[in-house]
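Notes follow once the structure below has been shown.
No value in this document is a laboratory result; all are computed from the given coordinates. All values reported here derive from a predicted model rather than from experimental measurement. Positions of Cβ are generated from backbone atoms using ideal geometry, with glycine treated the same way; all protein chains shown enter the neighbour counts.
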Amino acid sequence: MSTTFLMRRNPTQLGYRMPGEWEPHAATWFSWPRPEGISFPDRYDTVPPVYAELIRRLVEVEEVHINVWHAEMEATVRGLLGKHGTPLERVFFHHFPAYEPWCRDHGPIFLVRERENGLERAVVDWGYNAWGGKYPPFDLDDAVPQRVAEYRKLPLFSPGIVLEGGSIEVNGRGALLTTEACLLNPNRNPHLSQSEIAQFLRDNLGVTKVIWLGEGIVGDDTDGHVDDLSRFVNSNTIVTVVEEDIEDANYQLLQENYQRLRKATDQDGHIFNIVKLPTPGFVEYQGQRLPASYANFYIANSLVLVPTFRQPNDARAVEILQAQFPDRRVVGVDSTELIWGLGSFHCITQQEPAGR
């Protein structure tokens with residue numbers, strides 16, 4: 001079947017779905033941050049070592065692919081990874097430039113479909129406008145999915161609307177979590193209604209049930225990405241962040257999201273198993289509250305990487321998540337420097353599922 005023919009029908013009609021993050025990976029993708037980028041003002045030098053630590057752990061369980069601007073940046077990153085003891089045999093570099101490093105949001109969303117000879121893959125290329133045009137330019141970031149699809153020789157679907165990867169969360173069986181605060185924000189797709197946006201999700205991600213949460217956490221400049229709030233850990237279990245301090249600005253909004261989840265059902269009408277995850281509390285730098293969240297973990301093959309913030313709840317969060325992933329090693333890694341860019345481990349990664 002030719003790629004041209006594929007484009008006449010949407011991915012769901014063709015049997016594709018977005019798999020759960022815990023399903024087998026071929027690789028993890030990153031876009032390396034630039035020293036001249038705007039994501040880490042005055043603190044760039046503290047960030048690459050965090051990337052190196054994550055990649056050092058990831059290459060033990062899967063390939064890592066890194067988008068860089070040019071050969072000079074590639075050489076710099078190779079040197080840094082080597083300095084931090086990262087074996088490079090499973091690290092692959094691509095000269096696919098992006099202005100900022102948030103690969104979850106500008107990177108490719110991979111789909112799979114079952115066939116007799118294994119899983120076939122495709123890529124969805126949602127539009128990317130840097131969270132409502134907040135941080136131009138973003139044309140190079142927007143082009144990354146097209147370049148990855150060409151590299152992998154995969155069919156490419158372009159729905160024609162703006163959507164970031166961090167704004168959606170799927171269970172791989174037909175249910176999707178998102179937020180009204182983000183997807184209904186007029187800085188994304190002002191011409192579309194809530195029901196029209198939900199139809200785009202159903203048409204392009206193989207989902208049948210869209211579950212809407214409300215607001216995102218304080219300090220999140222994405223207008224409320226769900227990957228700071230609630231995450232699937234398997235097809236019928238959701239971990240969701242709750243704030244225990246009634247005086248905290250996040251308390252009420254997280255309670256409202258929790259109550260929505262308690263009433264929600266999956267694609268088959270079944271109630272979810274809901275597990276509470278604490279917040280790190282108030283994390284700030286230079287007077288700015290940062291969107292620190294343990295929900296921004298990343299699931300890799302046999303491994304889960306959890307951001308920690310030098311806060312009392314760090315160990316508790318790792319323990320809760322370890323109980324949800326009995327067959328994976330759950331590791332806390334300090335994300336204090338990275339969160340100054342207003343994102344963490346899930347925000348900078350993009351999983352590539354296994355398949356062909």
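Contact order, relative form, for segment 111-170: 40 percent (alpha carbon pairs under 8 Å, 6 or more residues apart, mean separation divided by residue count). Close amide-amide hydrogen proximity is noted between Gly127 and Gly160, Ile161, Val162, Leu163, each under 5 Å apart and 5 or more residues distant or on a separate chain (H modeled in the peptide plane; Pro and chain starts excluded). Cα centroid separation, segment 60-79 to segment 8-31: 23 Å. In the chain, the DSSP-assigned H stretches of four residues or longer account for a calculated mean residue ellipticity at 222 nm of -7500 deg cm²/dmol, using -39500 (n - 2.57) per stretch and the full residue count as denominator. Normalising the average separation of contacting C-alpha pairs (under 8 angstrom, six or more residues apart) by the number of residues puts the relative contact order of the chain at 21 percent. For Lys276, the lysines whose Cα falls under 17 Å of its own Cα, not counting residues fewer than eight places away in the same chain, are Lys263. Applying 1/(1 + (r/R0)^6) with R0 = 22 Å to the Cβ-Cβ distance of Gln267 and Asn187 gives a FRET efficiency near 0.15. Using θ = phi - 60° in the Karplus curve 6.51 cos²θ - 1.76 cosθ + 1.60, the 3J(HN,Hα) couplings for segment 291-298 round to x, 6, 8, 6, 6, 8, 6, 10 Hz; x is entered for Gly and Pro.
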